[in-house]
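Undergrad: The structure under discussion is supplied below as structure tokens; questions concerning it will follow.
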Amino acid sequence: MILFKCLWTLSLLLLLQVPVAASDGETEQLIITEDEFDLELEILNAVAAEQDSVVFPRATYLCESTIILLNISDIYIIFEPGSKILLDDTERHVIQLQDCDNIHISGGYFSHVEPEEFDYCQGSVFDLVRSNSIAIDRCEVRGCGKVGFFVTECSNLFITDCVIKDNTQSAFRIVSVDELLIADCVIADNDHLFTFQDNGAITRLRMVGNTITNNGFTSN
């Protein structure tokens, strides 16, 4: 099993190796479209192979549809620094976790491709539904996403060392959650910091060590 994991990781790195180019001496960012490489499928294949982690090399991953992770567990999803995950559909969520357990997502810049002038995103960036023990760290959740994190019926959710910025409705929209830790994040320039569902149940919401600036008022 260990040999299989090593060979799989090596083949992935070779497949997506970022070329060194750019006349200014910087590394050119490789753009990978969904028809060339399917992030969702690669994650699901790693889970099916009982891998404990999957690593994606630095690149811009341009997606045409939501990355949907449904009923999976026990996987560490790592994006190398500088990776961008962009959805080319402002009506949909960038990534959705539904009925998942023990998922860790680290690294990466998650957003929609910019909409036309005067239009707004209707999809959230992270849509988290009925999931438990979810950790998201060192991610950038920003751009034109309507909501940074949309949380419904989740528990043991940990968001740490993230940048959550420029979301057109709110950084966090919470329907219901039992234990949500938001720690050491930069949360700035969102239309609202929080929006809450009128009939939602929220317990053990903690915020520790965050830098919070220029967000609108919390609202229902």
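The values are calculated or read from the model by the stated rules, or taken from the named source; none is laboratory data. Values in this document were obtained by computation on a predicted structure and should not be read as measured data. Glycine gets a Cβ as well: all are built from the backbone with ideal geometry, and neighbour counts include every protein chain shown.
Each row is one residue, and each column tells you yes or no for (1) outside any loop (DSSP other than H, G, I, E, B); (2) closer than 18 Å to His192 by Cβ; (3) of a type in the set (Ser, Thr, Tyr).
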{"position": "Ser133", "(1), (2), (3)": "yes, no, yes"}
{"position": "Val141", "(1), (2), (3)": "yes, yes, no"}
{"position": "Cys144", "(1), (2), (3)": "no, yes, no"}
{"position": "Gly148", "(1), (2), (3)": "yes, yes, no"}
{"position": "Val151", "(1), (2), (3)": "yes, yes, no"}
{"position": "Leu157", "(1), (2), (3)": "yes, no, no"}
{"position": "Ile164", "(1), (2), (3)": "yes, yes, no"}
{"position": "Asn167", "(1), (2), (3)": "no, yes, no"}
{"position": "Arg173", "(1), (2), (3)": "yes, yes, no"}
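Undergrad: Among the candidates Phe118, Phe196, Phe149, single out the residue that is within 23 Å of Ile77 (Cα to Cα) and either at pLDDT 95 or above or of a type in the set (A, V, I, L, M, F, W, C) (or both).
TA: Phe149
Undergrad: Next question. Show the residue pairs meeting these rules: Cβ distance below 9 Å; 6+ apart or different chains; first residue within region 145-165 and at positive phi and free of Cβ contacts under 8 Å to residues at least 40 places away in the same chain; second residue in a loop (DSSP other than H, G, I, E, B) and acidic (Asp, Glu).
TA: If the second residue must be in a loop (DSSP other than H, G, I, E, B) and acidic (Asp, Glu), the pairs left are Asp161/Asp184.
Undergrad: Only one of these is modelled with pLDDT under 95 and on the phi > 0 side of the Ramachandran plot: Gly82, Gly123. Name it.
TA: Only one candidate qualifies: Gly82.
Undergrad: Would you call Asp189 among the acidic types (Asp, Glu) and on the phi > 0 side of the Ramachandran plot?
TA: For Asp189, the condition - among the acidic types (Asp, Glu) and on the phi > 0 side of the Ramachandran plot - is met.
Undergrad: Taking region 139-161 only, how many residues are in contact with a Cys (Cβ under 6 Å, 6 or more places away or on another chain), hydrophobic (A, V, I, L, M, F, W, C) and surrounded by fewer than 24 Cβ atoms within 10 Å (Cβ to Cβ)?
TA: 1
Undergrad: Within region 86-101, count every residue that is surrounded by fewer than 22 Cβ atoms within 10 Å (Cβ to Cβ) and either part of a strand (DSSP E or B) or touching a Ser or Thr at 6+ places or on another chain (Cβ under 6 Å) (or both).
TA: 5
Undergrad: Please count how many residues of region 38-82 are in a loop (DSSP other than H, G, I, E, B) and either in contact (Cβ under 8 Å) with a residue 40 or more places away in the chain or of a type outside the set (Gly, Ala, Ser) (or both).
TA: Total meeting the criteria: 15.
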